[in-house]
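**Student:** Structure in structure tokens, see below.
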Amino acid sequence: MISEKMRPLVANNSVIRQMFEEGQKMAAQFGAENVFDFSLGNPNVPAPKEVNEAIIDIVNNVNPVKVHGYMSNAGFPETRKAVADNLNRRFGTSFDVNNIIMTVGAASGLNVILKTMINPGDEVICFAPYFVEYGNYIRNYDGVPVVISANPEGNFMPRFDELREKISPKTKALIINNPNNPTGVIYPESVIKELASLLEEKQKEFGTIIYLISDEPYRELAYGKREVPYLTKFYANTIVGYSYSKSLSLPGERIGYVVIPSESDGAQEFIEAATIANRISGSVNAPSLMQLVIERCVDAKCEVEYYEKNGRRLYDALTEMGFECVEPQGAFYLWVKSPVPDEKEFVAKGKEFNILMVPGSSFAGPGYVRLSYCVSYEQIERSLPKFAELAKCYF
Ligand code: PLP
């Protein structure tokens, strides 16, 4: 028999995954070109050439015992140094090898971070709408998610009035995700500064440590000249969880890292504990081949313009048709207001036109839907007449 803890998880199995599977079935029935699947955040830009070249070269020319072997649970020191140097060059930070732990993507990184810091009953604040798995990750360690409601009138920036009310002596951490899944907005420096100053104030008031967890799989996907502030520079108790899944189009390879800055409270103990958490979470260490690839390709560029062009086309077209959308600033998601109060009804209507969208309630954001536009530009073009028909049902 399965555990009581698993029971609700089975009952609420990921809507996004279910839609993805439904999309596959629809593609078999109607032909792939006639199904407009905007459900899953699986990058469609191929991994950069140098990544593939590095894989081949490493497999052919590096000692196979090293390539395929166990290493320190925190990862290869050379890879961690390459990551630290890359961050220092770009953000003026001063990390070294000890501040970096290689992880099995951001999902595992977040679990390592939470496992390291959470005592049962500790509260972790999330800003709605948020990545659906945060709640599961927090509950993995018997933490309690506390949700700050969405702020549609403020372009989905954090609601500071509500945050001030809900932050308490039990608050262990806040998770922020910038650029944001699912809204596609970027929190600018002014918002980060306000957040940092509120957290400093509350740490003093309660005499506690409140961590800011920065979940950063979309850091490199910022459009135009927009900057994504590097949070450790604004708030010492920041722990970063990064991933190459989206920036280098490697989601199946499972590679990322955690940054624990030396200036954070109890840094050395946290680093040691997080290294153990990495091991005993079952990951043991991040994939060795991918670590060697990252060491060589740490400066590889993401084709952000591709997603920007897709986002612009979809936003302009849907807005023109009468839909209310949040203008994309980064990541690869369009957050669209449902024309009817129950967005699940809108999602069901979309399916009649072979359009797959994810209901916002899967992100604690009811009344909206998310469109993942990490698809070909041609798919977007082909989908527009269908969206126009869908729009005619409402406007
Ligand atoms: N955090 C957010 C906001 C995400 O959207 C995702 C994946 O979609 C993850 C974390 C997990 O990413 P990874 O593939 O690196 O585990």
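Throughout, read-outs are computed from the coordinates displayed, never taken from laboratory work. Small disclaimer: the values here were computed from a predicted structure and weren't measured. For neighbour counting, all protein chains shown are included, and Cβ atoms are generated from backbone atoms with ideal geometry for every residue, glycine included.
**Student:** Apply the Debye scattering formula to the chain, with a single equal point scatterer on each alpha-carbon and no solvent, then give log10 I(q)/I(0) at q = 0.07, 0.13 Å⁻¹.
**Tutor:** Each listed q corresponds, in turn, to -0.32, -1.14.
**Student:** If you take the square roots of the eigenvalues of the alpha-carbon gyration tensor of segment 1-153 and sort them as a ≥ b ≥ c, do you get rounded (a/c under 1.5), prolate (a/b over b/c) or oblate?
**Tutor:** Oblate shape, in that a/c is at least 1.5 and b/c is the bigger or equal ratio.
**Student:** A follow-up question, please. Can you list, bin by bin at 10 Å, the percent of alpha carbon pairs in segment 48-95, starting at 0?
**Tutor:** Calculated over all Cα pairs of segment 48-95, the distribution is 22, 38, 34, 6 percent.
**Student:** Just tell me which lysines come within less than 28 Å, Cα to Cα, of K351; anything on the same chain fewer than 8 places away is out.
**Tutor:** Within the straight-line cut-off, K351 pairs with K25, K246, K309, K337, K386, K392.
**Student:** May I have the count of lysine pairs in segment 168-218 with C-alpha atoms under 14 Å apart, counting pairs 8 or more residues apart or located on different chains?
**Tutor:** Counting lysine pairs in segment 168-218 gives 4.
**Student:** Follow-up. Calculate one ³J(HN,Hα) per residue across segment 28-38 by plugging θ = phi - 60° into the Karplus curve 6.51 cos²θ - 1.76 cosθ + 1.60, and present them in order as whole Hz with x for glycine and proline.
**Tutor:** 5, 6, 9, x, 4, 6, 9, 10, 10, 8, 10
**Student:** For segment 275-327, what size does the Cα cloud have along each of its three principal axes, sorted from largest down, in whole Å?
**Tutor:** 52, 27, 13
**Student:** Taking DSSP loops as anything outside H, G, I, E and B, show the longest stretch in the chain free of trypsin sites (Lys or Arg not before Pro) there with at most 16 other beta carbons within 10 Å.
**Tutor:** For trypsin sites (Lys or Arg not before Pro) (loop position, at most 16 other Cβ atoms within 10 Å), the longest site-free span of the chain is 6-169.
**Student:** For helix 377-392, what angle does its Cα long axis make with the longest principal axis of the chain, in degrees from 0 to 90 and rounded to 10?
**Tutor:** Helix 377-392 sits roughly 50 degrees off the main axis of the chain.
**Student:** Given a cut-off of under 8 Å on Cα pairs at least six residues apart, what relative contact order in percent is computed for segment 206-364?
**Tutor:** 18 percent
**Student:** A further question follows. Positive end of the charge dipole of segment 118-264 (Lys, Arg +1 and Asp, Glu -1 on Cβ, about the Cα centre): tell me which of Y187, Y257, I118 has its Cα farthest that way.
**Tutor:** Most positive-ward Cα: Y257.
**Student:** So, one more: Does anyone have the angle between helix 343-352 and the longest principal axis of the chain? Alpha-carbon axes, 0 to 90°, nearest 10?
**Tutor:** 60 degrees
**Student:** While we're looking at this one, here's another question. Only Cα pairs under 8 Å and at least 6 apart count here; give the relative contact order of the chain as a rounded whole percent.
**Tutor:** 24 percent
**Student:** Rounded to the nearest 500, what is the chain's calculated 222 nm mean residue ellipticity when only DSSP H runs of at least 4 contribute -39500 (n - 2.57) each, over all residues?
**Tutor:** -13000 deg cm²/dmol
**Student:** Order by neighbour count: D215, D57, D299, D37, fewest other Cβ atoms within 10 Å first, most last.
**Tutor:** D299, D57, D37, D215
**Student:** While we're here: Against the empirical 2.2 N^0.38 Å scaling, what ratio does the C-alpha Rg of segment 99-150 come to?
**Tutor:** 1.15
**Student:** What angle do you read, to the nearest 10 degrees and between 0 and 90, between the alpha-carbon axis of helix 304-321 and the longest principal axis of the chain?
**Tutor:** The angle comes out at about 30 degrees.
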